[in-house]
1. Given Cα pairs under 8 Å that are at least 6 residues apart, what percent is the relative contact order of the range 21-97?
2. For Asp54 and Trp88 in one chain, what is 0.36 nm times their gap in residues minus the Cα-Cα distance, to one decimal in nm?
3. Between Ser40 and His76, how many nm apart are label points set 7 Å from Cα along the C-beta direction?
4. For the range 21-97, with only Lys/Arg (+1) and Asp/Glu (-1) charged at the beta-carbon, what is the dipole magnitude about the Cα centre, in debye rounded to 20?
5. Hey, what do the phi angles of the range 39-55 turn into as Karplus ³J(HN,Hα) couplings, whole Hz, using 6.51/-1.76/1.60 and θ = phi - 60°, x for Gly and Pro?
Amino acid sequence: MNSLQLNQLEDGIEPDIELSHRERRLLRLVAAGRATMSYSCEPALYIDGRCFCDQFAVHRLTAAALIQAARVAERHEIVPAQLTPNGWAYLHNDIQTSLPPAA
């Protein structure tokens, strides 16, 4: 096994990170179970088995500890991607703020 660790939640994570529409869509795709990623310090993300071309967006999501590999793996092995608790919280807040007010 490689010594790379999964993203850990830290107290210093900025809760008000501003995500693009594409990055928010990526969070929804990961939450839906449609994403896999390579297990490395600079992971590649795959949606429905196809490589996602915006690696800058993937780097931002992993650096912000919003997505991570679902399990520890060998270096560069493709594993399921998952939202971190911060990712779920961001997605939940994003959905709540985009809903119209209750009548």
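Nothing in this text is a laboratory measurement; each read-out follows from the coordinates by a stated rule. Here the structure is a predicted model, which is why all the values come from computation and not from measurement. Positions of Cβ are backbone-derived with ideal geometry, glycine not excepted, and every protein chain shown enters the neighbour counts.
1. On the way: 116 pairs, mean separation 26.1, N = 77.
Worked out over the range 21-97, it gives 34 percent.
2. On the way: separation 34, 0.36 × 34 = 12.24 nm, distance 2.13 nm.
The span from Asp54 to Trp88 would gain 10.1 nm if fully extended.
3. 0.6 nm
4. On the way: 9 positive and 7 negative charges, 35 e Å.
In debye, rounded to 20, the range 21-97 gives about 160.
5. Result, rounded to whole Hz: 8, 7, 6, 10, x, 9, 10, 10, 10, 6, x, 10, 5, 7, 7, 8, 5.
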